[in-house]
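The values are calculated or read from the model by the stated rules, or taken from the named source; none is laboratory data. Here the structure is a predicted model, which means the values were calculated and not measured. Cβ sites come from the backbone with ideal geometry, for glycine too, and all protein chains shown count toward neighbours. Keep in mind that these areas ignore ligands, DNA and RNA; they rest on the heavy atoms of the full protein, side chains included. Shrake-Rupley method; radii C 1.70, N 1.55, O 1.52, S 1.80 Å.
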Amino acid sequence: MPSPDTSYVSDPTPGRGALRAARSWLHSDAPSLSLNGPWRFRLSPTARAAEDFAAEGFDDAGWDSIPVPSHWVLQGDGAHGRPIYTNVQFPFPIDPPHVPDENPTGDYRRHVELPAAWSDAERVVLRFDGVESLFRVWVNGEEIGGASGSRLAHEFDVTSAVRPGDNVVAVRVHQWSAASYVEDQDQWWLPGIFRDVTLLARPAGGVEDVWLRAGFDDGQGRIEPEVTAGASAFPVTLRLPELGVEQVWASPADVTPFDVGAVQPWSAEVPRLYDVTVSTAAETVALRVGFRTVEIRGDRFLVNGRRVVFHGMNRHETHPVRGRVFDEEHARADLARMKRFNVNAIRTSHYPPHPRLLDLADELGFWVVLECDLETHGFDAVGWAGNPSDDPAWREAYLDRVRRTVERDKNHPSIVLWSLGNEAGTGSNLAAMSAWVHARDTGRPVHYEGDHTGAYTDVYSRMYASVPEVRQIGTDGSRAPLLNCTPAQGARQRTKPFLLCEYAHAMGNGPGALDQYEALVHEHPRLHGGFVWEWRDHGIATTTADGTPYFAYGGDFGEVVHDGNFVMDGMLLSDDVPTPSLYEFKAVVQPLRLAFDGDELVVTSLRHSADTSDLRFHWRVEHDGALVDAGELDVPVLAPGGSARVPLPPVPVAKDAETWLTVDVALAAATAWADQGHVLATAQLDRSAARPAPAVRPRTDWRPSEGTLTLGIAEFTGGSLTRLAGRPVTGPRLELFRAPTDNDEGASTEVEESDASIAGISNAALWRRDGLDRLTTRRVAVERAADALRTVDRVSAANSGLWVTVETLWSLEGDELELRVETAPSSGWPTVWPRIGIRFELPDGAAPVDGADWFGLGPLESYPDSLRAARTGRFTAGVRELSVAYARPQETGHRSALRQLTLTSAGTGVVRIAALPDARGRRPGFTLARHTPQQIARAAHPYQLPESATSHLIIDAAQHGLGSRACGPDVWPDFALRPESRTIRLRLAAG
Ligand code: GAL
């Protein structure tokens, strides 16, 4: 048999054969058959495998079985190839529109029994909701057609090929095709039939398509209907029972806009939906309509006349086991989680999600930016030469993509912006897409970040702009040049609403500065918020050779080119665990502003459309974290934007403890996404009486010392601590290193606010260069006085002339043991430091330290530029819970502003530590972990961390901020830790 002609694989033309025009994904009562389930499957290494499999009688008995929907690389334990992760890079030569001969090709076959009743159908349609990347389809040996556009729906007319009873459907899927050049999103390449396959019986006189544009104006609803049906389908009836609406259209000419009277509008906060049916004699289609009007007025983006602020997430469809295969239950839980974390918007980066996701977004309430399946980022590597976005040969492919995007999802009230795609450079094909959308849907503006000059889009959008730059964009009269814009283009952009389609790169530990971005939104109404990059990590569940489970990232499957852990940049870990950054986000964007003013609380609603009648305001007073009183505040119901002052309850102030008042704003009743009592917003007020720290007692009787010494609960040999409260302990030793975060490893040049001298070099590289991870000590002096011990150490790294002097003073102060550590850097340290801390090692023993009980900031980790979710209180956690299992191990676990810490063993206190403020009132933070920073820095995955029962306690006088330099700005200067002298002062006691 001659090998088949595969030239179509390199053809940008999007479809062929009986491919039908795009239409809405409708809920219809017309018969349908799901073709999901097991299919016969064969994988070939090239596109040239014989096409004999498409024949009806082909014997596939020897083939594997594979579930549809699925990705073949995630099936069969590696027998069907492996996933590939790249961000910008193409995993094949840049040779558009060609792809290599090595082109994994999956052939699928299954039988389907067509019910006898289907012989009444006017047409039989075969729908594919998602196939990556190019496929062809045969029915009973007859070739029907083919299509590309992986995350788009494709329907084929198979009427002439099907028959009652048994039918054979055969599908050939190529992993690589011309389409791969325009599907270069930052994600795993996951081939296969990964969304539903459905056979639809289309009745004569059915509803082919329907579009109900439901507007809202001044309390009134209006529907602009569009019905696609043959003349014989009429009369068509629209029913909206809740409003008593029934429209009977005798002919297509009757299908005209109509008012429905008073309605409740739809918004992300109050997602009010009305059930509607559209029927002919042959078919009824059910829709859920939400009345809302999207509008751009000047530089404001409005829904129902009110400005929208996006507190959004970029949402990829990704799951550690299923890949991009949709699971409705999981998606619903995921969206409910977003709501609980005050997320109000989703950008469907970077392709349309499974269509049901939009039903859920309508129902739960999100502002959605629906993005087309388009990205050509890899052309960046060749200076954008040959970029399809400006090549007429690709125009039809681009238009086909945007038509399929808009037509499929046009009925959803949640969608408030169409996005042409992501990182596809710029060019006339994008402009043509925009023109098509503008003509088709006048009710939603067009977004595309790559249109830097604003030539064909309606909103100004950027990614990862720094805080000063965003401020400049928001400021009237600013002449500061905008990215890639002439002054005139910049002026044009400043007339539009602005949003950050991506910001706050949430890779690993971070980002910092969420609160700085949020503050700008309230200062400059042109700024409409943005979308965090991104919602979740894309780890793939796998195991090591010895069966240890872990979440894989780029390189773990032996890819030739890959982008490592750049795919692990979500606020959720791969297994759905929210990272501290998500709590920070929740706190920063909380929908109520709570400010204390004297004896009053000033409450301001930042909501778009909901009043506050669903909320309760709880208060409590704590003394050193212990509850002393609680109650509820009587806050009047606030309209959106409204404000009220309410008196605070009387707060009993303790003499010997800190006094804190906490106000929590909680849901009065359960919602579709949270339980009653779920807290949406929190604020704290410090009412503590001033309590100066005890002065340091001067000593003059120092004399050289040797040998052993006991001071209260501490035992020393040669000036070094050996036992504390009867257990072996070593330390304290100076610790300047932290296991670099992904942001610390970031080498972007965007450091202008901080330090231009490190542009292009990561902080982590500089720390390693300066030997912060390999400090050595030379003891300069050991001295004792009555009830006191003093050591002086000079700490420095191999081949470095820089050092830090560390003076350690132990003394008995009454029945307490005080430790005071003074660190003083030599001059000349050139970079920021990750931390200034002291580390103790608490080895495994009879009663190993395995937990902490503390009064300070918690419950989660916090850093100088990520402190908003942290509150002052008393917290307890096991040593393992104190660390976050970031996909690539890195700095984690720092709790700021410590007052009291009890190290525990099986819940029982073994050592108590009180942290005294330094002369400027600053308090240290602490980290308790099973591993040292150096051990953590050596591991690429959590399973590579050595087994350890030793606990390491680090008390930090200071930590460097987090920033978001993995993809964005470095740490803001205010939160950057410059080498400086610090004092750590602790009081220690047993138990
Ligand atoms: C953006 C891109 C995203 C992602 C992000 C970095 O440039 O649009 O898809 O790659 O950077 O994680």
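Does Leu945 count as touching a residue at least 24 places away in the same chain (Cβ under 8 Å), among the aliphatic types (A, V, I, L, M) and open to solvent by less than 30 Å² (accessible area, probe 1.4 Å)?
Numbers: touching a residue at least 24 places away in the same chain (Cβ under 8 Å): yes; among the aliphatic types (A, V, I, L, M): yes; open to solvent by less than 30 Å² (accessible area, probe 1.4 Å): no.
No, not satisfied.
Looking at His311, His316, can you tell me which residue is at pLDDT 95 or above, closer than 23 Å to His354 by Cα and in a loop (DSSP other than H, G, I, E, B)?
Numbers: His311 fails: in a loop (DSSP other than H, G, I, E, B).
None of the others qualify; the one that does is His316.
Conditions (1) at pLDDT 95 or above; (2) farther than 27 Å from Thr710 by Cβ, marked per residue:
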site: Gly925; (1), (2): yes, yes
site: His931; (1), (2): yes, yes
site: Leu953; (1), (2): yes, no
site: Gln959; (1), (2): yes, yes
site: Cys967; (1), (2): yes, yes
site: Phe975; (1), (2): yes, yes
site: Pro979; (1), (2): yes, yes
site: Arg985; (1), (2): yes, no
site: Gly991; (1), (2): no, no
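Taking the condition of being farther than 24 Å from Val294 by Cα and assigned to a strand (DSSP E or B), how many residues in the stretch 233-268 meet it?
Number of matching residues: 7.
Give me a count of the residues in the stretch 230-247 that are charged (D, E, K, R) and touching a Lys or Arg at 6+ places or on another chain (Cβ under 8 Å).
The number of residues fulfilling the criteria is 1.
Given Phe135, Phe156, Phe128, Phe92, which one is over 23 Å from Phe41 (Cα atoms), among the aromatic types (Phe, Trp, Tyr) and within 38 Å of the chain's Cα centre (by Cα)?
Among Phe135, Phe156, Phe128, Phe92, only Phe92 is over 23 Å from Phe41 (Cα atoms), among the aromatic types (Phe, Trp, Tyr) and within 38 Å of the chain's Cα centre (by Cα).
Against the condition at negative phi and more than 14 Å from the ligand (Cβ to nearest atom), how does Arg479 come out, does it pass?
So Arg479 fits the description; yes.
Which fully enclosed strands (runs of 3 or more DSSP E) of the stretch 134-196 have 1 or more residues being touching a residue at least 24 places away in the same chain (Cβ under 8 Å) and within 16 Å of the ligand (Cβ to nearest atom)?
187-189
Test Leu860 against the criterion of being hydrophobic (A, V, I, L, M, F, W, C) and open to solvent by 10 Å² or more (accessible area, probe 1.4 Å), and give yes or no.
Yes, satisfied.
What residue, among those in the stretch 240-277 that are among the β-branched types (Val, Ile, Thr) and over 40 Å from the mean Cα position of the chain (by Cα), is most open to solvent (accessible area, probe 1.4 Å)?
At the first step, the residues of the stretch 240-277 found to be among the β-branched types (Val, Ile, Thr) are 245, 248, 255-256, 260, 263, 270, 276-277.
Among the residues that remain, those that are also over 40 Å from the mean Cα position of the chain (by Cα) are: 245, 248, 255-256.
On the way: Val245: 20, Val248: 89, Val255: 26, Thr256: 66 Å².
Once the filter is applied, the top-ranked residue is Val248.
Restricting attention to the stretch 539-560, and to residues there that are touching a strand residue (DSSP E or B) at 6+ places or on another chain (Cβ under 6 Å) and within 15 Å of the ligand (Cβ to nearest atom), which single residue is farthest from Gly510 (Cα to Cα)?
Restricting to residues being touching a strand residue (DSSP E or B) at 6+ places or on another chain (Cβ under 6 Å) and within 15 Å of the ligand (Cβ to nearest atom), the top hit is Gly554.
I'd like to know if the stretch 601-614 contains one or more residues that are open to solvent by less than 20 Å² (accessible area, probe 1.4 Å), out of contact with any Ser or Thr (no Cβ under 6 Å at 6 or more places or on another chain) and part of a strand (DSSP E or B).
yes
How about the stretch 58-84: which of its residues are modelled with pLDDT of 95 or more, open to solvent by 40 Å² or more (accessible area, probe 1.4 Å) and part of a loop (DSSP other than H, G, I, E, B)?
The answer is Phe58, Asp59, Ala61, Gly62, Gln75, Arg82.
Go through the stretch 519-551 and give me each residue that's out of contact with any helix residue (DSSP H, G or I) (no Cβ under 6 Å at 6 or more places or on another chain), open to solvent by 40 Å² or more (accessible area, probe 1.4 Å) and of a type in the set (Ser, Thr, Tyr).
Across the stretch 519-551, the qualifying residue is only Thr543.
For Val437, indicate whether it is open to solvent by less than 20 Å² (accessible area, probe 1.4 Å) and under 21 Å from the mean Cα position of the chain (by Cα).
Criteria not met by Val437.
If Ala361 satisfies all but one of (1) open to solvent by 10 Å² or more (accessible area, probe 1.4 Å); (2) outside any loop (DSSP other than H, G, I, E, B); (3) small (Gly, Ala, Ser), what's the number of the condition it fails?
(1)
Quick one: count up the residues across the stretch 96-110 that are more than 23 Å from Gly554 (Cα to Cα) and open to solvent by 70 Å² or more (accessible area, probe 1.4 Å).
Adding up the residues that qualify gives 2.
Residue pairs, Cβ under 9 Å, 6 or more apart or interchain, first in the stretch 290-309 and more than 29 Å from Val276 (Cβ to Cβ), second among the small types (Gly, Ala, Ser) and open to solvent by less than 50 Å² (accessible area, probe 1.4 Å). List them.
Pairs found: Val309/Ala345; Val309/Gly529.
Being free of Cβ contacts under 8 Å to residues at least 40 places away in the same chain and surrounded by fewer than 12 Cβ atoms within 10 Å (Cβ to Cβ) is the filter; apply it to the stretch 701-716 and report the residue that is nearest to the chain's Cα centre (by Cα).
Filtering first and then ranking leaves Thr710.
Mind checking which pairs have a first residue in the stretch 422-437 that is more than 16 Å from Glu396 (Cβ to Cβ) and within 15 Å of the ligand (Cβ to nearest atom) and a second that is open to solvent by less than 10 Å² (accessible area, probe 1.4 Å) and among the β-branched types (Val, Ile, Thr), Cβ under 8 Å, 6 or more apart or different chains?
Note: pairs meeting the criteria are Glu423/Thr376; Gly425/Thr376.
Could you please find all residues in the stretch 364-385 being assigned to a helix (DSSP H, G or I) and farther than 18 Å from Pro413 by Cβ?
Listed by number, the residues that qualify are His377, Gly378, Phe379, Asp380, Ala381, Val382.
Can you find, within the stretch 482-500, the residue that is nearest to the ligand (Cβ to nearest atom) among those that are outside any loop (DSSP other than H, G, I, E, B) and touching a strand residue (DSSP E or B) at 6+ places or on another chain (Cβ under 8 Å)?
It comes out as Leu500.
Is there a residue in the stretch 952-966 that is touching a residue at least 40 places away in the same chain (Cβ under 8 Å), part of a helix (DSSP H, G or I) and more than 25 Å from Pro843 (Cα to Cα)?
Yes: the stretch 952-966 contains one or more residues that are touching a residue at least 40 places away in the same chain (Cβ under 8 Å), part of a helix (DSSP H, G or I) and more than 25 Å from Pro843 (Cα to Cα).
If we scan the stretch 359-370, do we find a residue that is within 15 Å of the ligand (Cβ to nearest atom) and not acidic (Asp, Glu)? Walk me through how you get there before you give the answer.
Going residue by residue through the stretch 359-370, those that are within 15 Å of the ligand (Cβ to nearest atom) are 369.
Of the ones still in play, those that are also not acidic (Asp, Glu) are 369.
Scanning the stretch 359-370 turns up at least one residue that is within 15 Å of the ligand (Cβ to nearest atom) and not acidic (Asp, Glu).
Can you find even one residue in the stretch 454-468 that is under 25 Å from Ala491 (Cβ atoms), open to solvent by 20 Å² or more (accessible area, probe 1.4 Å) and within 16 Å of the ligand (Cβ to nearest atom)? Spell out how you get there, then give the answer.
In the first step, residues of the stretch 454-468 are kept if they are under 25 Å from Ala491 (Cβ atoms); the result is 454-468.
Now restrict to residues that are open to solvent by 20 Å² or more (accessible area, probe 1.4 Å): 455-456, 458, 463-464, 468.
Next, only the ones that are within 16 Å of the ligand (Cβ to nearest atom) stay: 463-464.
Yes.
Could we say that Leu302 is part of a strand (DSSP E or B), surrounded by fewer than 24 Cβ atoms within 10 Å (Cβ to Cβ), more than 16 Å from the ligand (Cβ to nearest atom) and not assigned by TED's automatic domain parsing to the domain that holds Gly130 here? Steps first, answer last, please.
Details: part of a strand (DSSP E or B): yes; surrounded by fewer than 24 Cβ atoms within 10 Å (Cβ to Cβ): yes; more than 16 Å from the ligand (Cβ to nearest atom): yes; not assigned by TED's automatic domain parsing to the domain that holds Gly130: yes.
So Leu302 passes the test.
Only one of (1) free of Cβ contacts under 8 Å to residues at least 12 places away in the same chain; (2) within 16 Å of the ligand (Cβ to nearest atom) is not met by Arg938, so which one is it?
Here Arg938 meets the rest and fails (2).
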